[in-house]
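FYI, it's all coordinate maths here, none of it is from the lab. If you're wondering where the values come from, they're calculated on a predicted model, not measured in any experiment. With ideal geometry, Cβ positions are generated from the backbone for all residues, glycine too; neighbour counts draw on all protein chains shown.
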Amino acid sequence: MFIERLLNEGNAPLLEQMLRFTAARHQLLAEDVANVDTPGYQQKDLSTEKFQAALRQRVQERDSASPGTVVFDDISADLENPKRNILFHDGGNRSMEQLMSDSAKNALMHNMVVELLRKQFSALEMARKERVT
């Protein structure tokens, strides 16, 4: 019960939501790469900026609310068709370089979140062991 309360009131729910976001974005980026030569294919992506803004807002709400009352599970990212690339004659808007850059940034974010969660769970496990003894 003590560990569960710490997890719910700490940053684990926020980090878990970030992990879900990076996993979903990875799937979309992989689909974009797979269809880079498909005529007329429009890239799909999740807006990192909008997702992070929603997380920031929720953290601010959590800071002024009672412990455990603010949740992060309902934060989602909207599917977008990015228009930042050149539109080709076949109607596609692809750039392999941009896709690879986005994939690398997303993987770095994913790995960082996994590491932060691992460290948080290790600290909680250590606290639990100290409490038992």
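Which value in nm describes the separation of the simple spin-label points at Ala104 and Arg128, placed 7 Å from the Cα toward the beta carbon?
A separation of 3.8 nm, rounded to one decimal place.
Restricting things to alpha carbons, tell me how big region 14-133 is in terms of Rg and Dmax, in Å.
18.6, 70
Evaluate E = 1/(1 + (r/R0)^6) for Val33 and Leu117, where r is the Cβ-Cβ distance and R0 equals 22 Å; express this FRET efficiency to the nearest 0.05.
The computed FRET efficiency comes out at 0.25.
Which aspartates and glutamates, on any chain, are close to Lys44 with Cα under 19 Å apart, when same-chain ones fewer than 8 places away are left out?
Within the straight-line cut-off, Lys44 pairs with Glu31, Asp32, Asp78, Glu80, Asp90, Glu97, Asp102.
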